[in-house]
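Below: one structure, written as structure tokens.
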Amino acid sequence: MSLRILLMRFGIAAAGGALVALAATTPAAAGDERGHAGPTNKTVKGQVTARSGLILRSAPNRGGAVIRVAPFGEIVNIFCRTTGQTVDGNRYWYLLTDGTWAWGSARYIDTWKTPRWC
């Protein structure tokens with residue numbers, strides 16, 4: 001077998017392993033048939049306070065890919081909280097379940113009660 005074929009098989013195996021690892025670490029979404037998670041008894045409601053909208057990201061830091069922007073005043077469902085990059089003195093980030101799993105800085109989300117830890 002040639003070196004090229006071995007490297008290609010290794011690359012496919014590595015990519016498959018990465019997908020399995022991602023699936024294992026992503027919370028299961030209980031939602032509609034499209035996979036959109038909505039409010040559950042495990043979520044906490046919050047309201048976006050960022051006047052220009054809150055950038056929701058793929059990771060709890062400013063370097064995470066932008067998933068969407070939640071407009072000012074939007075009511076969001078928070079699955080859990082974790083520590084991440086500090087934003088204006090606040091190091092907490094919330095994992096939101098509104099249509100997709102995305103992280104928002106707790107600095108710009110007022111909550112009804114404190115979300116559980118992730």
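The values are calculated or read from the model by the stated rules, or taken from the named source; none is laboratory data. Since this is a predicted model, take the numbers as computed values, not measurements. So basically every Cβ, Gly included, is an ideal-geometry build from the backbone, and we count neighbours across all protein chains shown. Accessible surface areas use protein heavy atoms only, side chains included; no ligands, DNA or RNA. Shrake-Rupley method; radii C 1.70, N 1.55, O 1.52, S 1.80 Å.
Numbers at a glance
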item	result
Where labels lie 7 Å past Cα in the beta-carbon direction, separation of Gln85 and Thr100 in nm	1.8 nm
Phi-based couplings in Hz for segment 104-112 (Karplus 6.51, -1.76, 1.60; Gly and Pro marked x)	x, 5, 5, 4, 10, 9, 8, 10, 6
Cβ-defined net charge surrounding Ile75, 12 Å radius [Lys, Arg +1; Asp, Glu -1]	-2
Accessible area of segment 34-107 belonging to carbon and sulfur atoms, whole % at 1.4 Å probe	49 percent
Segment 42-100: radius of gyration over Cα atoms, expressed as a fraction of 2.2 N^0.38 Å	1.04
Cβ-defined net charge surrounding Ile55, 10 Å radius [Lys, Arg +1; Asp, Glu -1]	+3
